[in-house]
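Enquirer: Sharing a structure below in structure tokens format, with a few things to ask.
The values are calculated or read from the model by the stated rules, or taken from the named source; none is laboratory data. Only a predicted model underlies this, so the values are computations on that prediction, with no experimental measurement involved. Positions of Cβ are generated from backbone atoms using ideal geometry, with glycine treated the same way; all protein chains shown enter the neighbour counts. These area figures cover heavy atoms from the full protein model, side chains too; ligands, DNA and RNA do not enter into them. Shrake-Rupley method; radii C 1.70, N 1.55, O 1.52, S 1.80 Å.
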Amino acid sequence: MDWLMQPDTTVEKFIVMFVAIALFAAVMAVVLLVVDRPSLPRWFAALGYLGPALLLILLGLLIPAIMTVRNSLYSNDGSTFVGLDNYATVFSQDLFLIVLRNTFFWVLLVPLVSTALGLVYAVLVDRTRFEKFAKTLVFLPMAISMVGAGIIWKFVYDGQVGLLNALLGLGGVPTQQFLLDAPYNTFYLIVVMIWIQTGFAMTVLSAAIKAIPDETIEAAKMDGATGMRMFWQITVPSVRPAIIVVITTIAMATLKAFDIVRTMTGGQFDTSIVALEFYTQTFGRQAGGIGAALAVLLFVLVLPIIIYNVRQMRITEGER
Amino acid sequence: MTDNTAVAVHGPTRKLTRAEQRKEDSKTRLSSPAASAIAVIIAVVWTIPTAGLLITSFREPSAIRRTGWWTAFTNPMFTLENYETVLTGSGDLVGPFVNSLIITIPSVVIPIILALLAAYAFAWIDFKGRDWLFAAVFALQIVPIQVTLIPLLSQYVRFGLVGTYWTVWLSHTIFGLPLAIFLLHNFMREIPRSLIEAARVDGAGHVRTFFQVLMPLLVPAIASFGIFQFLWVWNDLLVGLTFARADYRPITVAIAEMAGSRGQAWHLLSAGAFVAMLLPVIVFLALQRFFVRGMLAGGVKG
């Protein structure tokens, strides 16, 4: 049975994979057959359908999250209760203050810039001949891993053969170390996340633009609105709910993403953010308590964004 | 042929000729040269970085170190050497590529099935507390993976599972479930109640209703979530880094390691990055409309 846990060859690996899927299918089939008898009460069927998913969510999300909150109140080796000391450390030491400052810039800039660019681009290519192709170009980074995106941009920023330094060189600017020079390096990393998220913003906003009723556009045209006036007075107000959803969604994705910074600088040169520092503290420095506090902080930072989002959705639904 | 019938059926008011349509459209656009220029600039900035690395991956290592990739246009010399090195030579990415496949397939299939069943119960079985339970699952979407990582890891250690594929499959399944349930539930609610009730009147139990009535209608929904989960799992770094031991590590982890230890070896990094990108980009381009549909139905995982 050892090979089920530790397959060595490629063939063994694939066999284990199929065993896992078959095992899962068999268990689910048994559950469904048991609960499908009409004589059984309705809650029994509900339990059979919901049970497996809810059990996993309970054991894998809810309980671990509570345990992390607990761990954040204990020392780094987990032995003694320290109250809010870990949080105090996070909010007072220079290292962490830089992390918090960087995170602030990420969460502020990535959603706003990607949404603005996505909206402008969506309007510009809307109903042109090249619409589909033009959108695919901007959308494609969404299919690339953040590790891949990090490598793509690290190459752009490279000191010897990078494109950006070559372009600046044409204007007589000396070679820049984009990723080494704090605090500007954080902004060059932020560019990468903007590059990824603009496609998302563009796609959602493009759908919203296409949903603007023809009458609204016709009426605006009757009033002589064109170009920029059309954009500010008709398009933007019409897609406002979509803009809010996009901004908040990107903000949440940005908070949790650590791959870009880890790939491009490893968090060195004052570029770390909360999501990466969580990883560094937990696995690199064996500082479990601090790591847990950073994870909880991440969660706490997400909350207001979610609450705002849900509230906005309620308001929009009430208007309908 | 089909176009003509459509016009005939719906009458001439529905469809303008292409020329008329374009004339009409041009009024709603910011149709100045400046606007077009901005669009082109954005498109170029979004494409050039990837194109540059792609070209680099086909250049000779010595050329990559000495000159910028754009010089390849005037002095074209291309080779597949980098891909050979990165796959079978010092890069050794074949193993991690296989691992990514092994990790991804069950991590997409299992949450889809679990979530289909749960979404069915939330949508079509009446039971006490259904609404608040669904709200709770919806709310759990926002729990960052980081918050659950360490307690999960210590449980895996306790059960002697640590480092195996099983923990990676389980973790991806758990993390994917809230979004999957939410998304599939949204799609499932759109199916007319009369269809379900007709099946029940015919004496079909839950299982038959589910497989014969609902499943065929849910194929696009499943495709939507399937692509999300595929891209998420294939491109994931955090879960693979934390749970998979060295010889089971996915390709993202392998590439990230390469970027850390051989950060200036652009002949390896460029080819490696594109080996890792190949599959998701193909899937993405082939199934883009399902992806967009899922995204508009509220499915975005951060």
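Enquirer: So B:S261 fits all but one of (1) among the polar types (S, T, N, Q); (2) farther than 20 Å from B:I110 by Cβ; (3) within 10 Å of chain A (Cβ to nearest Cβ); what number is the exception?
Expert: Exception for B:S261: condition (3).
Enquirer: Further question: Does B:I113 count as touching a residue at least 12 places away in the same chain (Cβ under 8 Å) and among the aliphatic types (A, V, I, L, M)?
Expert: Working: touching a residue at least 12 places away in the same chain (Cβ under 8 Å): no; among the aliphatic types (A, V, I, L, M): yes.
No; evaluated as a whole, the condition is false for this residue.
Enquirer: When you go through B:L184, B:L153 one by one, which is the residue that is open to solvent by less than 50 Å² (accessible area, probe 1.4 Å), within 17 Å of the chain's Cα centre (by Cα) and closer than 30 Å to A:P64 by Cα?
Expert: Answer to the selection: B:L184.
Enquirer: Please work out which one of (1) modelled with pLDDT of 90 or more; (2) over 29 Å from B:F211 (Cα atoms) is the condition B:V109 fails and give its number.
Expert: B:V109 satisfies all of (1) modelled with pLDDT of 90 or more; (2) over 29 Å from B:F211 (Cα atoms) except (2).
Enquirer: Please state which one of B:A123, B:A135 is in contact (Cβ under 8 Å) with a residue 40 or more places away in the chain, more than 22 Å from A:I144 (Cβ to Cβ) and assigned to a helix (DSSP H, G or I).
Expert: When all the criteria are applied, what remains is B:A123.
Enquirer: Which members of region A:143-176 meet the condition of being in contact (Cβ under 8 Å) with a residue 24 or more places away in the chain and open to solvent by 40 Å² or more (accessible area, probe 1.4 Å)?
Expert: The one that is in contact (Cβ under 8 Å) with a residue 24 or more places away in the chain and open to solvent by 40 Å² or more (accessible area, probe 1.4 Å): A:M146.
Enquirer: Something else: If you take just the helices (runs of 4 or more DSSP H) that sit entirely in region A:220-286, which of them hold at least 3 residues that are closer than 28 Å to B:D236 by Cβ?
Expert: Passing ranges, in order: A:240-256, A:259-264, A:274-279.
Enquirer: Here's another thing I want to ask about it. Identify all residues within region B:52-82 that are of a type outside the set (S, T, N, Q) and either assigned by TED's automatic domain parsing to the domain that holds B:A273 or open to solvent by 40 Å² or more (accessible area, probe 1.4 Å) (or both); write none if there are none.
Expert: Scanning region B:52-82 gives B:L54, B:F58, B:E60, B:R65, B:R66, B:W70, B:F73, B:P76, B:M77, B:F78, B:L80, B:E81.
Enquirer: Taking the criterion of being among the acidic types (D, E), outside any helix (DSSP H, G or I) and surrounded by 20 or more Cβ atoms within 10 Å (Cβ to Cβ), would at least one residue in region B:231-240 satisfy it?
Expert: Taking every residue of region B:231-240 in turn, at least one turns out to be among the acidic types (D, E), outside any helix (DSSP H, G or I) and surrounded by 20 or more Cβ atoms within 10 Å (Cβ to Cβ).
Enquirer: Would you pick out the residues in region B:113-129 that are closer than 18 Å to B:E190 by Cβ and more than 8 Å from chain A (Cβ to nearest Cβ)?
Expert: Across region B:113-129, the qualifying residues are B:L116, B:A119, B:A123, B:W124.
Enquirer: May I ask you to list the residues in region B:88-102 that are at the interface with another protein chain (Cβ under 9 Å from one of its Cβ atoms) and open to solvent by less than 40 Å² (accessible area, probe 1.4 Å)?
Expert: Scanning region B:88-102 gives B:G95, B:V98, B:N99, B:I102.
Enquirer: Does B:V219 meet the test of being β-branched (V, I, T), at pLDDT below 90 and over 14 Å from the mean Cα position of the chain (by Cα)?
Expert: yes
Enquirer: Follow-up. Condition first: in contact with a Pro (Cβ under 9 Å, 6 or more places away or on another chain) and within 10 Å of chain B (Cβ to nearest Cβ). Now tell me which residues in region A:19-39 satisfy that.
Expert: A:A20, A:I21, A:F24, A:M28, A:V31
Enquirer: Given the conditions (1) among the hydrophobic types (A, V, I, L, M, F, W, C); (2) under 16 Å from A:P52 (Cα atoms); (3) crowded, with 20+ Cβ neighbours inside 10 Å, which single one is not true for B:V147?
Expert: (2)
Enquirer: Can you name the number of the only condition in (1) in contact with a Gly (Cβ under 7 Å, 6 or more places away or on another chain); (2) β-branched (V, I, T); (3) open to solvent by 10 Å² or more (accessible area, probe 1.4 Å) that A:I244 fails?
Expert: Answer for A:I244: the failing condition is (1).
Enquirer: Taking A:T186, is it polar (S, T, N, Q), at pLDDT 90 or above and either open to solvent by 50 Å² or more (accessible area, probe 1.4 Å) or more than 14 Å from A:T115 (Cα to Cα) (or both)?
Expert: Details: polar (S, T, N, Q): yes; at pLDDT 90 or above: yes; either open to solvent by 50 Å² or more (accessible area, probe 1.4 Å) or more than 14 Å from A:T115 (Cα to Cα) (or both): yes.
Answer is yes for this residue.
Enquirer: May I pose another question? Residues B:R289, B:R200, B:R245, B:R262: which one is of a type in the set (K, R), in contact with a strand residue (DSSP E or B) (Cβ under 8 Å, 6 or more places away or on another chain) and surrounded by fewer than 19 Cβ atoms within 10 Å (Cβ to Cβ)?
Expert: B:R245
Enquirer: Checking A:D223 against (1) farther than 15 Å from A:D126 by Cα; (2) within 9 Å of another protein chain (Cβ to nearest Cβ); (3) surrounded by fewer than 18 Cβ atoms within 10 Å (Cβ to Cβ), which single condition isn't satisfied?
Expert: (2)
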